[in-house]
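The values are calculated or read from the model by the stated rules, or taken from the named source; none is laboratory data. Because the structure is a prediction, the values reported are computed rather than measured. FYI the Cβ positions are ideal-geometry reconstructions off the backbone, even for glycines, and counts take in every protein chain you see.
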Amino acid sequence: MGPNNRMQYLATSAVSIATMTTSTAAFWSAPILPKFHNNETSISLTSSEISWVVAIMAPGMVAGSLVPSFISDRFGRRFTLLTSAVPFIIGTVFVLWATEAWAMYIGRFLWGIGFGMITTVSSVYLSEIADKEIRGTLTAITRFMSNFGALLVLSIGSYVSYQVLSYFMIVLPICYFLACLKIPESPYFLLKEGKVDSARKALLRLSGKKNEKMVEERLSLMRSDVRREMLRSSSAKELFTGKQYRKAVIISAGLRFTQMFAGTLPIQQYIGRIIQQSNCGLQVSTALLIFGAVRFVIGLISPIIVDKMGRRPLLIYSYMGSFVMLTIVGAYFFLQKVIGIDDESSNPFRFVVFIGIICSIIISGIGYDTLIFIIPSEIFPMNVRSVASTTLNVFTALLSFVAVKGYQGMEDWTGLYGVFWFYASMALSGAIFTHFVVLETKGKSLREIQIELQGNIYDDTDEELKKDATNDDVKENSELNQLT
């Protein structure tokens with residue numbers, strides 16, 4: 001950590017506690033569901049009510065993803081991060097003291113709102129405060145803490161009571177609220193609001209540089225970037241009606257759809273219950289600990305592998321690998337249901353379910369589970385990147401609600417073998433979709449990617465915007481020359 005970017009690391013540390021809170025909320029259900037089924041909690045829920053408790057976070061994520069578009073652009077990124085702690089704290093009060101299912105629904109819905117707010121605004125804030133040389137490192141820190149939060153819940157969740165685990169959801173948001181009180185606002189947001197002096201002070205804190213001339217030069221570049229960005233249309237209407245964005249929208253939506261229905265999220269939410277039903281011979285606590293440790297390690301090494309291999313082949317291979325693993329797990333449950341291979345002592349294949357799921361998580365974690373977040377940031381141009389991110393978050397939340405809520409219904413209808421074979425078929429669909437639709441982005445500049453996606457439309461639009469921006473840039477440079 002150099003002296004010039006110390007504040008950037010401190011701000012990232014504060015944000016990383018917030019991202020840790022989101023993963024804690026997301027994986028809370030994995031160790032809690034077996035407690036519900038074993039009547040180890042003070043509230044009694046049916047299987048249908050439990051499925052609602054698990055799934056209700058997703059509609060909250062939809063609302064939470066939309067909130068920053070109003071709060072963040074009006075009151076700032078920092079204020080939005082601070083505000084996101086409120087639904088987590090209030091939601092935990094409902095979860096802790098719930099005696100009826102509806103109170104659990106409210107609590108989990110509020111967690112979803114906080115989740116959506118953090119995931120939407122944190123990436124924007126970090127991209128706006130970070131020096132380009134350490135932007136990747138800062139992003140890796142938040143990713144590490146998110147994975148650590150999941151590991152923490154999965155490791156201790158089976159050994160502590162329902163109340164103790166849920167109390168984490170009060171402690172963590174309080175911690176990141178206090179930490180975020182000390183971080184500066186984004187200079188880009190302040191410049192958009194016309195607060196040049198405040199932006200200059202924020203930039204001085206973030207850069208740690210005493211040379212005011214260097215700060216003024218960087219501020220000049222920022223003002224030019226903000227001015228150019230504001231010249232381009234950045235509305236949702238522009239995103240969905242502009243022909244130049246159509247292929248990027250199709251690629252992003254297709255990858256999110258196949259990834260979600262390939263079962264990663266439902267399996268993570270129901271992993272404790274799946275282990276119970278598989279009769280694999282492992283204690284749920286042991287299985288969750290192994291599962292969490294594997295996810296944590298994969299989260300550390302996946303960025304390295306992604307940067308070494310091409311996006312497109314890695315997508316195809318990971319989808320195909322998951323297809324094979326999920327098909328095998330489904331076959332085991334089919335044999336269990338039809339033939340009745342339930343005797344743990346005499347069943348030589350009892351570990352197939354756990355090993356198959358672990359292998360699937362490893363394959364998807366290295367491949368499509370990581371790439372579906374990287375590729376949209378590469379294929380959408382800057383003017384619609386923010387609105388595209390929000391739209392994709394909403395779309396993902398809706399898909400996750402259908403996938404997670406539909407898990408119990410599908411199991412009741414087809415059995416677990418039908419569930420896993422459906423996930424396998426969607427993984428195969430993802431490989432086919434990638435082969436025919438997704439382009440390779442590794443090793444290409446953002447401009448080269450846009451030319452491949454948009455063709456001549458990109459150059460025509462760029463030339464028009466350059467003409468509009470020329471006069472503003474001349475005026476901007478004249479003002480700064482007078483200052484310096």
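Side notes on the structure shown:
- With a requirement of 2 or more residues that are in contact with a helix residue (DSSP H, G or I) (Cβ under 8 Å, 6 or more places away or on another chain), of a type in the set (D, E, K, R) and assigned by TED's automatic domain parsing to the domain that holds V437, the helices (runs of 4 or more DSSP H) lying completely within the stretch 239-338 that satisfy it span 246-261, 311-338.
- Any hit, the stretch 331-342, residues being within 29 Å of T142 (Cβ to Cβ), at pLDDT below 80 and either among the acidic types (D, E) or touching an Asp or Glu at 6+ places or on another chain (Cβ under 9 Å) (or both): no
One line per residue, one yes/no per condition, for (1) in contact with a Lys or Arg (Cβ under 9 Å, 6 or more places away or on another chain); (2) of a type outside the set (S, T, Y):
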{"site": "P376", "(1), (2)": "yes, yes"}
{"site": "F380", "(1), (2)": "no, yes"}
{"site": "S386", "(1), (2)": "no, no"}
{"site": "N393", "(1), (2)": "no, yes"}
{"site": "T396", "(1), (2)": "yes, no"}
{"site": "D412", "(1), (2)": "no, yes"}
{"site": "G418", "(1), (2)": "no, yes"}
{"site": "Y423", "(1), (2)": "no, no"}
{"site": "S429", "(1), (2)": "no, no"}
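- Considering G263, G310, the condition of being in contact with a Lys or Arg (Cβ under 9 Å, 6 or more places away or on another chain) and either surrounded by fewer than 22 Cβ atoms within 10 Å (Cβ to Cβ) or under 16 Å from V329 (Cα atoms) (or both) is satisfied by G310 alone.
- Index of the failed condition, I106 passing every other in (1) modelled with pLDDT of 90 or more; (2) within 26 Å of G194 (Cβ to Cβ): (2)
- Cβ pairs under 8 Å, 6+ apart, first in the stretch 428-456 and in the same structural domain as L326 (by TED's automatic domain parsing), second at pLDDT 80 or above and assigned to a loop (DSSP other than H, G, I, E, B): G430/A262
- Flag for V124 being modelled with pLDDT of 85 or more, assigned by TED's automatic domain parsing to the domain that holds T19, part of a helix (DSSP H, G or I) and surrounded by fewer than 22 Cβ atoms within 10 Å (Cβ to Cβ): no
- Of F36, F75, F79, all but one fail to be at pLDDT below 90, among the aromatic types (F, W, Y) and under 26 Å from L178 (Cβ atoms); the exception is F75.
- Residue under evaluation Y159, criteria (1) under 30 Å from S29 (Cβ atoms); (2) touching a residue at least 12 places away in the same chain (Cβ under 8 Å); (3) part of a helix (DSSP H, G or I), criterion not met: (3)
- Condition broken by D131, with the remaining ones in (1) assigned to a helix (DSSP H, G or I); (2) farther than 18 Å from S389 by Cα satisfied: (1)
- For N39: the one exception among (1) under 21 Å from the mean Cα position of the chain (by Cα); (2) at positive phi; (3) not acidic (D, E): (1)
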